[in-house]
1. Select from the range 282-297 the residues that are in a loop (DSSP other than H, G, I, E, B) and within 22 Å of SER339 (Cβ to Cβ) and write down the one among them that is farthest from the ligand (Cβ to nearest atom).
2. I'm checking my understanding of the structure. Among residues of the range 241-255 that are surrounded by fewer than 17 Cβ atoms within 10 Å (Cβ to Cβ) and not in a loop (DSSP other than H, G, I, E, B), which one is farthest from the ligand (Cβ to nearest atom)?
3. Please state which of the following conditions LEU329 fails to meet, knowing it meets all the rest: (1) more than 16 Å from the ligand (Cβ to nearest atom); (2) surrounded by 22 or more Cβ atoms within 10 Å (Cβ to Cβ); (3) assigned to a strand (DSSP E or B).
4. Which strands (runs of 3 or more DSSP E) does the range 171-222 wholly contain that include 2 or more residues that are of a type outside the set (A, V, I, L, M) and more than 30 Å from TRP281 (Cα to Cα)?
5. Could you check how many residues of the range 126-165 are modelled with pLDDT under 95, touching a Ser or Thr at 6+ places or on another chain (Cβ under 7 Å) and not hydrophobic (A, V, I, L, M, F, W, C)?
6. Please go through the range 202-226 and pick out each residue that is near the ligand (Cβ under 9 Å from one of its atoms) and under 17 Å from the mean Cα position of the chain (by Cα).
7. What is the number of the single condition among (1) out of contact with any Leu (no Cβ under 6 Å at 6 or more places or on another chain); (2) more than 11 Å from the ligand (Cβ to nearest atom) that HIS235 does not meet?
8. Show the residue pairs meeting these rules: Cβ distance below 9 Å; 6+ apart or different chains; first residue within the range 117-145 and closer than 13 Å to GLU76 by Cα; second residue part of a strand (DSSP E or B) and among the aromatic types (Phe, Trp, Tyr).
Amino acid sequence: MVQVLLKRKISPRIANGHPWVFSNEVDKVSGSPSGGEIVEVFTHDKKFIGKGYINPKSQILVRLLTREKQDTINEEFFINRIRQCWEYRKKIGYTENCRLVFGEADAIPQLIIDKFNDYFVIQTVALGIDLWKPAIVKAINQLFKPKGIFERNDVPVRELEGMQQQKGFLSGDFDTKIIINENGLKFYVDIENGQKTGYFLDQQDNRRAISNIVKDAEVLGAFTYTGTFEIHAAHYGAKSVLGLDISDNAVKQATENAALNNLQDIVQFKTANAFDVLKQWSKEGKKYDVVMLDPPAFTKSRETIQKAITGYKEINLRGMKLVRPGGFLVTSSCTNLVSPEMFLQIIDMAAKDARRKIRQVVFQTQSADHPVVPGIETTQYLKFLVIEVQ
Ligand code: SAH
């Protein structure tokens, strides 16, 4: 097996359990491994670190799959790992829908599997994991007897690994517009053409966190996608709910979801640029009891982090101005580079500029089927905050 020797000064990141080895951390590679091949990684003085897959085309040269020398990386290995992922999800309370595999957090780097009742959506974002797709599909078939498996590898990062973007069936054809149950509600999920894997499971626990504050409230939601938070608000007793999204298609699906739950008289959706509308309405002095914001990630690179901070401050400032005294702002950030502390600071700055006093009601991360692993920073990415705005 090809051996990868690290430089003398080993990064604390690798020592602390992070599975990535960057090419500039490597001293020597024995032989000339092909892309995706399983290799062994050692310290400069030949202490075993782990086994993983290599991609000479990627800046992240090796991603470790195990730290156990006796592990053999084969089909059985992936079936066992995926079984463990499912056992864990069941143990922490997920039955119908969950992120079954959350890449690095489940020690299967760059693999995402979302389970939507009997349907499975997978992403294999690195070459080394893509090669194991047949084993992954076999594992899903063995463990679940699914009605369908679909690949959503239409993600640009695959190109950094020398792969193409692609999507399609990994099982027999099926109708890719399915229905899932969540917190007693039903939602259409468009597995083939929806955003990411079709549905944002990472907010599934957080959607319940609004249950008390929306009672009898007039609610405004922005960045609604298929309307999940807004439909939850109506379900939990809001008087009226308006949801805004810039995508016509999202608004169409959100409207369908409202009707699916017979909540169309309470919740309405409109196509709009939330940045413009929030600004205009806050100037006009419009007021709501609860305002909910869930924008897409504002940046993925450190160079533009300041722009992201400004963006968050801007929308949260506008959002707060639209809240009646004693009402609530429900606000999220999925930008990985914005830490929880930084997000709280941004909200504090926004409150000062809006001249509103705030109190924290809830502050949490993504739902528990997306585990956070200390030492692997990218596993904690979502910030979900509810504040009272006085
Ligand atoms: N809250 C949703 C997820 C939102 S994803 C859920 O829980 O499922 C972010 C959404 O913001 C996307 O649907 C995208 O179309 C929308 N969006 C992006 N820019 C926008 C803008 N300027 N105004 C309004 N919506 C926007």
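The values are calculated or read from the model by the stated rules, or taken from the named source; none is laboratory data. Fair warning: this is a prediction, and the values are worked out from it, not measured in the lab. Note that we place each Cβ from the backbone using ideal geometry, even for glycine, and neighbour counts take in every protein chain shown.
1. Across the range 282-297, the extreme among qualifying residues is ALA297.
2. Among them, the one singled out is LYS252.
3. (1)
4. 177-182, 185-190
5. Number satisfying all stated conditions: 1.
6. First, pick out the residues of the range 202-226 that are near the ligand (Cβ under 9 Å from one of its atoms): 202-204, 206-207, 221-226.
Answer for the range 202-226, where residues must be near the ligand (Cβ under 9 Å from one of its atoms) and under 17 Å from the mean Cα position of the chain (by Cα): ASP202, GLN203, GLN204, ASN206, ARG207, PHE223, THR224, TYR225, THR226.
7. It is condition (1) that HIS235 fails.
8. Qualifying pairs under 9 Å: TRP132/TYR53; VAL137/PHE120; ILE140/PHE120.
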